[in-house]
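Here's the structure, in C-alpha cells; my notes come after.
Rule-based calculations on the coordinates, nothing more; no lab input. All of these numbers come straight from a predicted model, not from anything done at the bench. Because the Cβ atoms are built from the backbone with ideal geometry, glycine has one as well, and the counts that use them run over all protein chains shown.
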Amino acid sequence: MSLASAASSPFRLPPFYGQGLVIVVLIYAVLAITVIYPLLAVLIQSFSEGSGLTTAKIAEVFTTPNIIEAVANTLIISVLTVVFAGGVGVTLAWLIARSNMPLRRVFDPLNMVPFYLSSVVGALSWQVVAAPRSGLINSLLEPFFAEPPFNIYSVGGIALVLGLFYTPYVYLFTLGSLQSMDASLEDSARMSGASKFMTAIRITLPLSAPAILSACILVFVTAAGIFGVPLVLGVPGSVHTLSTLIYAAINEYPADFAKAAILSSALFLFTALFTVAQILILRGRRFTTVTGKGYRPRRVDLGRWRWAAVGVNGLYLLFVIGPFIALLLVSFQDAWTGAFAWSRLTLANYHKVIFIDAIAHRGLVNSIFISTIGATVAVAICMLLALVIHRTRLPGREGLAPLAMVPVTVPGIVLGLGFLIALIATPLYGTLWIIMIAYIVHYLPTGLRNSESLVQSVSRELDESARMSGASWWPAMRRIVMPLVAPGMVSLWLLLFVTYIREVSSSMMLFTFGTETISIALIQIMEYEPYGVSGAFGVLQTVMVLACVAFIRQVSSPRQGNA
Amino acid sequence: MHDARGSIPGKSNEEVSVSRSVAVNVERLVMSFGTVQAVRGISFEVAPGSTVTLLGPSGCGKTTTLRCIAGLEMPTAGRITVGDRVVYDDTAGVFIEPERRNIGMVFQSYAIWPHMTVGGNVSFPLTISGVAKREAAERTRAVLELVGLGELQARSAADLSGGQQQRVALARALVHEPRVVLFDEPLSNLDANLRERMRTELQLLQARLGFTAIFVTHDQEEALSLSDHVVIMNKGLIEQTGTPQDIFRNPETAFTARFLGYSNVFPGRVAAIGDAGSVAIDLGEGRTLAALWRSPAPPRQGDGCTIAFRADRVALNPANEPAGGNALPGVVETVAFLGTCFDYTITAGTLQVQAEGPVDHPVARGQAVNVSVPAEHCHAFAAVAES
C-alpha cells in the first residue's frame with residue numbers, strides 16, 4: 001500500500017470545509033445577483049419616479065380604466081385556462097391510466113405533444129382556423145351566419161389556446177399519481193360496496209388531489225404571467241392583459257419604466273402569492289401512497305362508453321393538431337384563399353424564411369446559438385448545484401435549492417424587465433448573452449429539479465464506495481455519479497434546448513435590433529407577412545422542437561443498469 | 001484459489017498481525033442528527049486481525065458508528081484512531097477524509113458500479129491511487145481469483161447475481177490491502193443458503209489475509225458465528241461487549257438477553273439474596289424462581305428486576321412427578337412441531353412460558369406440567385426504566 005497517502009497530515013477543524021465554503025459563498029453570490037437582483041430592480045423601480053421614492057405613480061397606474069380591465073382579463077383568462085386544462089387533463093389522465101379505452105398507447109404520447117410545442121405557434125395556427133374573417137372555419141361557415149361565429153381574438157380564444165397547451169401539465173401530474181397508486185386502496189373500496197365510478201370519484205381522485213391541485217396552481221400562475229399568446233391573439237382585438245400592458249409600457253415612446261415595473265410587481269406578487277399558497281397547502285400531504293409491490297391498478301371497464309372516451313381524447317388531439325395541420329397546409333400555398341389548392345402548391349415560403357428574410361434568418365441563428373450554449377451552461381450549473389446539495393456536507397447547502405427555485409414564481413416578462421432594468425447600462429445589453437442569462441435563470445428551477453432527481457436516483461453507496469476506494473470528492477462524482485446520470489443529462493439538455501427555442505416573454509423585453517430570437521422573428525413576421533410565410537416559419541420551429549423531443553424519448557427510454 | 005497466501009503481491013500474514021496492538025479505537029463517540037443523538041458517547045477497541053461485530057436492532061446507532069469510522073459521517077464529538085493514526089478528533093480538530101483512511105468497505109447494497117466491468121470495479125481503488133497499469137491488472141486478477149470470480153473479470157457489472165455482486169464488492173474492498181475492512185450488513189441481501197456459504201468464505205478469507213474486520217448486523221446468529229468480539233448496541237449506547245460465548249451465556253442486561261433470543265423474560269422482585277450472586281426472584285402469585293444476578297450493580301431486597309431464561313433450558317415434567325426444584329406449575333397451552341424439537345407454550349398463572357422439548361417425548365396440549373429451569377440458566381437483571 002502507498003504509505004504516502006496514509007501518512008498525510010491531519011488538518012484543523014475550520015478547514016473541514018475549506019475550499020468548499022468558498023464555493024458555497026460563490027454560488028450564493030451568483031444566485032443573489034442573477035435571481036434576486038433583477039427582482040429587486042423591478043420592485044425599486046416601481047417606487048421611483050424621477051428622483052426619490054414615491055407611491056403616487058402606483059395609485060395613478062391602478063386607477064387607469066384600461067389597466068383595471070387588463071387585470072380583470074388576466075384573471076378571467078387564468079381561471080378559464082385552469083378550468084379547461086384541469087378538466088381535460090384529469091379526464092384524459094384517468095382514461096389513459098385507469099380505463100380500458102382503446103388506443104391508449106397511441107394517445108398517451110400524443111397527449112404530451114403540446115407540452116413541447118410553442119404556444120405562439122399554436123396561437124398562429126388558431127388564427128388560421130378561427131380568425132374572425134380569414135379563419136378556415138369561419139369562411140366555411142360564412143354562408144350560414146350573418147357574423148363570423150368564432151373570434152379567436154378574444155378572452156375566450158386566448159383561454160382556449162392556453163387551456164389546450166397547458167392540459168399536458170395537469171395530465172402529466174395526474175397520470176403519475178394515478179399510475180403509482182396502490183391498487184389495494186381501490187380494491188378495498190370495491191370490497192366495501194362502492195361501484196367502480198363511485199370508487200373513482202370517492203377514492204381515486206381524492207388520493208390524487210394534491211397532485212392535481214399542484215398542477216392546477218402551476219397552470220394558473222403560468223397563465224397569469226403568459227405573454228406570447230395574449231400578444232398574438234389579444235392585441236388585434238384590443239384585449240389587453242397585464243403582460244401585454246407591461247410590454248406596451250416599455251414600447252411606448254418614451255418608455256415608461258415605472259409603469260412597467262409597477263405592473264410587473266403586481267403580477268409578480270400575484271404569482272408569488274399563489275406559489276407560496278401551493279407550497280403551504282401541499283406541505284405534508286402527498287397522498288397517492290406508492291406501493292413497492294407489483295400490483296398494477298385495475299382498469300375500469302367502460303363498456304359501450306369506450307368509444308365515447310376515444311372521441312373525447314380524439315377531440316382534444318384534433319383541437320391541438322388540427323390547426324397545426326391547417327398551418328402546415330397554408331405554409332405550402334402561395335396564397336391562402338380559405339381552402340387548399342394543388343395549383344397553389346409552393347415551397348417559396350420556406351425558401352423565403354430560410355434564405356431570404358433577414359429577420360427570420362437572424363432569429364434562427366441567434367436562437368440556436370443561445371439555446372445550444374445556454375443549455376450546456378445550464379446543465380453544468382444545475383448538476384453542480386445538485387451535487388453540492390445532495391453529495392456534500394457543506395454548510396448552507398440546504399438554502400441553495402429554495403433560492404434557485406425563486407424564478408418559478410416569476411413570469412418571464414417580469415424577469416425580462418428585471419434584467420432590462422438591471423443591465424441596460426451595461427455592455428451586456430443588446431447582446432445575445434443577456435438573453436441567454438435570462439433563459440438560464442428563468443428555467444433554473446426546471447433544470448435543478450431534474451438534476452436533483454437524477455443525482456438522487458444514484459444510490460449514495462455507489463459514490464461512498466468510491467470514496468472508500470481512495471477517490472476524493474470530485475473524482476468520485478466524475479467517475480461514478482456523472483457517467484450514471486449521463487443519459488439523463490442529455491435528456492435535460494434537450495428539454496432545456498427546446499424550452500429556450502420557444503421562449504417568448506423575456507426575449508421580448510431584452511432583444512434589440514440584431515438579437516432577435518426565433519420567437520421574436522415569428523411574431524414580427526406575423527405582423528407584416530401573410531399566413532403562408534409565418535406559417536412556414538412556425539412549422540420550421542415546430543419541426544425542430546419535435547425532432548428534439550423524439551430524440552429525448554430515444555435517449556431516456558429503457559437502458560440504465562441497476563439504479 | 002487454494003493457496004491464497006501471498007497471492008496478493010506484497011502482502012503476508014505477519015506484516016498485518018505484528019503491527020499494532022489496536023487496529024481501531026473509538027473513544028467517546030457522539031453523533032447527532034439535528035436534535036437526535038444516534039450515538040451517545042460510546043467507546044470500544046478492536047484488536048488487529050480480529051473480527052468485531054456491532055450488533056443491535058435497527059436504529060441502535062451501529063451503522064452510524066461504522067460510517068463514522070469510515071469517514072462517511074462527520075461525528076459530533078469524540079476520537080477515532082485507525083492503526084496509529086488519529087482520523088477524527090473533535091478537540092484537536094482532526095477529520096481525515098474517507099479516501100485517505102485506507103479502510104476497505106463492503107456496503108449493504110454492495111454498491112457495484114453498473115457502468116463498469118467486474119475488473120473495472122475491482123481495479124478502481126488501484127487506478128485511483130496511481131498504481132501502474134500492469135501491477136493493477138495483476139493484483140485485480142489475483143484478488144478476483146481469491147474470491148472465486150477469476151473468470152468474470154471482463155463481464156459487465158450490471159448483470160451479476162447477488163452472490164457475485166457480494167464477491168465483487170469484497171474483492172474491491174480488499175484489493176488495495178487495507179488493514180481494516182468494514183462490512184455493513186453484508187449478508188442481509190442474500191438468501192439463506194447463500195448467506196451461510198458466504199459466511200464461511202468470509203471467515204476463510206479473513207484467516208488467510210489477516211485484515212481486521214468490523215461488521216454491522218442485526219442478525220444475532222451472524223454476529224455470534226462470525227466474530228471474535230461482539231458489541232451489542234441499544235439506543236446509541238453499548239449494552240455489553242464480549243466474546244460470542246461469553247455474551248450468549250452471560251447476558252448482562254435484559255435487553256441483551258431478549259435480543260439474543262431469550263424467549264422467557266418476566267418482571268419480578270428480589271425476594272432473597274444468597275451467596276455468589278444467587279438470588280430468589282418473586283414472580284407474583286406466590287411463584288418464585290432461583291436465579292443468578294447478572295447486573296453489575298448488586299441486588300437489593302425488594303427491588304424490581306427482570307428474569308430471563310432460554311426456551312431450550314426448560315425441562316417439562318408431568319405435574320404428578322417430582323418437580324426437581326426451581327419449577328413453576330402450569331398447563332401446556334400450545335404445541336408446535338418444529339422438526340428437531342417441539343415448541344410449547346405453558347400457561348403458569350399470568351405468565352406465558354416458552355419451552356422446547358425433545359421430539360421423542362411429546363407432551364400433549366392441556367397437560368398439567370412442572371416447568372423447571374436450573375438456577376444457573378436463570379438470569380436476573382436490575383430493572384431499568386424502558387422507554
Take the alpha carbon atoms of region B:178-209, find their center, do the same for region B:233-263, and report the distance between the two centers in whole angstrom. 22 Å
Over what distance in Å are the Cα centres of region A:531-549 and region A:236-283 separated? 29 Å
Name the residue farthest towards the positive end of the dipole of chain A from the options A:ALA339, A:ALA249, A:TRP473, assuming +1 on Cβ of Lys and Arg, -1 on Cβ of Asp and Glu, about the Cα centre. A:TRP473
Averaged across the residues of B:117-127, what count of C-beta atoms belonging to other chains lies within 10 Å of each residue's C-beta? 2
Ellipticity estimate at 222 nm from DSSP helix runs (n ≥ 4, -39,500 (n - 2.57)) divided over the protein assembly as shown, nearest 500: -15500 deg cm²/dmol
Of chain B, which part is the longest with no GluC sites (Glu not before Pro) in a loop (DSSP not H, G, I, E, B) and with at most 11 other C-beta atoms within 10 angstrom? B:1-284
Looking only at trypsin sites (Lys or Arg not before Pro) in DSSP loops with at most 11 other Cβ atoms within 10 Å, what is the longest site-free stretch of chain A? A:394-558
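Report the extension gain between A:LEU213 and A:VAL543 in nm, rounded to one decimal, defined as 0.36 nm multiplied by the number of residues separating them, less their alpha carbon distance.
Gain on extension, A:LEU213 to A:VAL543, equals 115.5 nm.
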Per residue of B:164-173, what is the mean number of Cβ atoms on other protein chains within 10 angstrom of that residue's Cβ? 1
Order of A:LEU317, A:LEU522 under a 10 Å beta carbon neighbour criterion, fewest first: A:LEU317, A:LEU522
Any idea how far apart B:ASN317 and A:MET112 come out in nm if each label point goes 7 Å out from Cα toward Cβ? 7.6 nm
Could you pull the Rg and Dmax for the protein assembly as shown, using just the Cα atoms, both in Å? 36.4, 117
What is the distance in Å between the Cα centres of region A:476-519 and region A:205-229? 23 Å
Treating only Lys and Arg (+1) and Asp and Glu (-1) as charged, each at its beta carbon, one finds that the protein assembly as shown has a dipole about its Cα centre, in Debye to the nearest 20, of 1060 debye
If you count, for every residue in A:481-492, the Cβ atoms of partner chains within 10 Å of its Cβ, what is the mean? 1
